Structure formats: C-alpha cells, structure tokens
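Asker: Structure incoming, see below.
The values are calculated or read from the model by the stated rules, or taken from the named source; none is laboratory data. Predicted, not measured: the structure shown is a model, and the values here were computed from it. Positions of Cβ are backbone-derived with ideal geometry, glycine not excepted, and every protein chain shown enters the neighbour counts. Just the protein is used for accessible areas: all its heavy atoms, side chains included, with ligands, DNA and RNA removed. Shrake-Rupley method; radii C 1.70, N 1.55, O 1.52, S 1.80 Å.
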Amino acid sequence: MFPNPPSVGRSPHPSRSIPQHPGDLSLAVPPELLQAHLTYQKNANLSRMLMSGNILAMTPVSPQPWSYGNRSPLISPVSSPSQFQNRKRRSDEGINQYDPKRQRFQSPQQTSSLIHQSVPLRDDLQFSFPGVPLRQAPQSPDVNGRVPSVGDNWLYDEVETTWPVANDKLSQQILDLFRACQQQVSDLKKKDICRAELQREIQQIFPQSRLYLVGSSLNGFGTRSSDADLCLVIKDEPVNQKTEARHILSLLQKHFYTRLGYIERPQLIRAKVPIVKFRDKVSGVEFDLNVNNVVGIRNTFLLRTYAHTENRVRPLVLVVKRWAGHHGINDASRGTLSSYSLVLMVLHYLQMLPEPILPSLQKNYPECFNPAMQLHLVHHAPRNIPKYVSKNGSSLGDLLVGFLKYYAIEFDWKNKMISVREGKALQRTDGIEWRNKYICVEEPFDRTNTARAVHEKHKFDMIQEEFLKAWVRLRDNKDLNSVLPLQRVVGKQK
C-alpha cells in the first residue's frame, strides 16, 4: 500500500501465524494481547478507566529469535534486513522519559467519516476495529530475495532535478547548505525497512491495519537528521484520540518493549494527538507513531508535490527551517512554530509573489487532492500533474530575503490567515481556531490552525523580532553566516 508493500514470506513468529479460519483467534495474537483486546471490547467504562490511569496489564513473554528470513521488505534496500536478526531481548533496561510534545505537525481529526473500500475484518474482531483494505496483495520475492515492483518504488527513486544557478554568494550558500543537509534516498530506505517490519508485527495484532510513513521523511523537506513519523490506520473512521487511540498505543508500547529487541525506549506521550515515541537501534532513527491521524498522510503528498513542483522550493524551505531552529522559533512544544507551519509559510510566500513561483495545487487540481479520496489512492493521484513553469527568475538569495521581509513587516498578522489551499491570505473568521490567535496558518485539508501552539504574546513577539533582525542583516550584507553559522550546522549532519 504505502510506501512499499512488504514482501510475503514467513511470519517473523511462525508459531503465531494468522489463522486461516476466522474462528481460530488463539493463533492470531499472543494470549495476553487477546485478553487485553477482549477486555477492551467489553468495557463500557473505558474512558473513566483511562482517565484514572488504570491501563490494562500485559504479562511479558519471552521473545522468539528475530529474523526477516531471506526476503527484503524493500526493492533494492541499502541496508540489509539481516541486521535485525538474532536481536536479544533487553533484560532490565528502563524506559527513558521524553519531553512530551504538546503539538505535532498533524492536525486533529475531522468529525466526518473517511471513505474506504469495504473489506471486513474477521468476525471476531470486526466490532471494535473494522479494517482498512489492502490495496493489492504483495508479490513474492524473486530468486535474489527482491520484491518485484508493484508501482510504489518510485517513492524511493532519485528525483532528477536541475538545481537553480547560483550567481551570488547568498544563493550559493543556500544551495551548499541544502546539498549538505538534505535527506538521502538511503536515509529514507532505512526508515522504511523499520516501518515494513513493524507493520508485519502489528498486523499480527490488528491483521488489516496499515502503517504509513508520513511527514518530512517522505514529503521532500526532510534532512539527514530528521526523525520519522508513522501513522497506523486501524479502521476507516475517526478514532477518539483521548481514549481509543491511547488504549491502542498503550498495547503497542508494551508489545514493543516486551517482544521487539530492536525497539529502544518506547514511550507513550499523552498529547492531544497521542504518540508512541521510540528509537530503532538498527538505523538509529527516532520514530513517532500515531493512530488514525490520517490528515498527515494526505498533507504528506500535497507537500511532496509542492516540493518537486519548482527547484527553488526545497532549498528555501531547508534554510528557513535551519534558521528558525537555530534562533529558537521552531519548536511547537515550547510555544513557537512547528516545522509544518514553517513549510506552509514558505509555500504561501511563494504563492503570493507578484509573479508567483507556486500555484495553488488544490485549486488547480482538486481531483488530485480530494480530502475524501481513499487512502490507497492518495500517493498515486499527484503523479501526473504537469510541471509548473514560473516566469519569476528570482534567485534563492533574493527569495530568502523577501520571505523574511514579508513576515517581518508586510503580512497582516492581526487580521489575516495563511492559506496554501486558496493560494492567498484570507480574512480571519470568528471561529474557535482563529479567534484571539497570534498566528493563523490553515491546515490545507482539515482547515485547523497549525500554529495554535503560539498562544503567548511574548513568544509571538520573539518570532516577529527574529524575522525582522534576520531580514535587516541579510538585506545589508547578503551573507548567510550573519544569521546562521553554516560550519556548525553542516557539521551536525556528519
């Protein structure tokens, strides 16, 4: 389904393979998970129990030796799956605490139901967790252990791009920074190897669930140090994030900790959109896993399309994110801007130029970005959008200076909201998402405010001040080092 279907092969735990007969549930999941799941179904007071902190208990079980077998979950992976083999169970390793994230790049769920094809689960699981469809059956590996292409391997191909010519110092600095820090295809494949194996493991508990890689890892704006966001789709309708999602994640957290030796420090973060945060020991990547926050799947491919629409977009976004992070205004958990909001701000600026560099893709191609589109089609829809050619020949340096000036002195923060969906600044309404907010950035699909974390006046003033200072410095000296120490930033990538 997405990004690449895992290969069909031996189950990592042959003794717990999924049964062929619907009634034989005892072989589908470990006994302790089955009991927890059945208890969850029968518990009419789940909300009260979760609020009191009484999470369902699971008895640790000894993991069986981990092995992928001889088959790869990816087409031509750069990292051999055999790295996962023979991982031993941790003994008394503690769970490190993480600072909770109060806001993620994903937005809250809409109340309307999502549309999927109807593929029922087994009768014994259908009531609580109706399934989502598999787009098509994965193919078997060839004699070399590689999975034949099923149409999704293009997600991992090098995108042929002719980068803009840099005829000035500032533009060259931006381009050099981008080339040094951008995520490589090998980085993406490492993340997906873990995603595919986790999906295989989770499907032993929720057989028709799907695990998606979302966010900066796949939208084109990732760096070599980017963590990875995962969305687990359990059913074809919104999930109550406060109760149901937390319960599912608590089961997975315990399962990861007791059975998966390559997963390190799984921690449940009880945010507005709860996540399980963990580290993959093999790749060294940090992961954040949510349940059914499917707007993240949709906006991943919208942003991916923008990223590859024009060759100046990705370098400009990367330098803005690096600049904002260096100056402490790129952290939603601390009341400033999320990376997602910053990306939308760059896209909006490029749409608002007198000679636009970007169109509004949702306005021009509504059929490709329909918020009700079935999830298994989302990643294919934008592939045939024709290339956009802008008449604006501004250099990367000029665009960066213009971006900083636009938000420092030109944008009407008090009365306007940023809308990439409409390709313009919209008048604020009196809705709860926009009322008394310092910064309003519209999420393109569910139309919530992605910048709602900026809820303190002094944080907003700090953000404005950083934009103003950076604009003045770059306007006067055209040297990126005056606002961002390049040597130190690039050194962190090595």
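Asker: Kindly evaluate Ser341 against the criterion of being buried (at least 22 other Cβ atoms within 10 Å of the Cβ), modelled with pLDDT of 95 or more and among the hydroxyl-bearing types (Ser, Thr, Tyr).
Answerer: yes
Asker: Sticking with this structure for a sec: Taking the condition modelled with pLDDT of 95 or more, over 17 Å from the mean Cα position of the chain (by Cα) and assigned to a loop (DSSP other than H, G, I, E, B), does Thr336 pass?
Answerer: Taking the combined requirement at face value, the residue satisfies it.
Asker: Note down all Cβ pairs under 8 Å where the first residue falls in the range 311-332 and is among the polar types (S, T, N, Q), the second is open to solvent by 10 Å² or more (accessible area, probe 1.4 Å) and at pLDDT below 95, and they're at least six residues apart or on different chains.
Answerer: Qualifying pairs under 8 Å: Asn311/Thr161; Asn311/Thr162; Asn311/Trp163; Asn311/Pro164.
Asker: Conditions first: (1) touching a Lys or Arg at 6+ places or on another chain (Cβ under 9 Å); (2) part of a helix (DSSP H, G or I); (3) free of Cβ contacts under 8 Å to residues at least 40 places away in the same chain. Tyr257 passes all but one, so which condition is the exception?
Answerer: With respect to (1) touching a Lys or Arg at 6+ places or on another chain (Cβ under 9 Å); (2) part of a helix (DSSP H, G or I); (3) free of Cβ contacts under 8 Å to residues at least 40 places away in the same chain, Tyr257 is out only on (3).
Asker: Do you know which of the residues in the range 355-391 that are open to solvent by 50 Å² or more (accessible area, probe 1.4 Å), part of a loop (DSSP other than H, G, I, E, B) and free of Cβ contacts under 8 Å to residues at least 60 places away in the same chain is nearest to Asn292 (Cα to Cα)?
Answerer: Only one residue tops the list, namely Asn370.
Asker: Filter the range 342-367 down to the residues that are among the polar types (S, T, N, Q) and within 23 Å of the chain's Cα centre (by Cα) and list them by number.
Answerer: Correct list: Ser360, Gln362.
Asker: Still on this structure, please answer the following. Which members of the range 223-254 meet the condition of being within 19 Å of the chain's Cα centre (by Cα), in contact (Cβ under 8 Å) with a residue 60 or more places away in the chain and open to solvent by less than 20 Å² (accessible area, probe 1.4 Å)?
Answerer: Selection gives Thr223, Ala228, Asp229, Leu230, Cys231, Leu232, Val233, Ile234, Lys235, Val239.
Matching residues to (1) open to solvent by less than 60 Å² (accessible area, probe 1.4 Å); (2) modelled with pLDDT under 95; (3) of a type in the set (A, V, I, L, M, F, W, C):
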{"residue": "Tyr407", "(1), (2), (3)": "yes, no, no"}
{"residue": "Trp413", "(1), (2), (3)": "yes, no, yes"}
{"residue": "Gln427", "(1), (2), (3)": "no, no, no"}
{"residue": "Asn436", "(1), (2), (3)": "no, yes, no"}
{"residue": "Glu443", "(1), (2), (3)": "yes, no, no"}
{"residue": "Glu456", "(1), (2), (3)": "no, no, no"}
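Asker: Then there is this: What about Lys189, is it farther than 27 Å from Leu252 by Cα, among the basic types (Lys, Arg) and at pLDDT 50 or above?
Answerer: no
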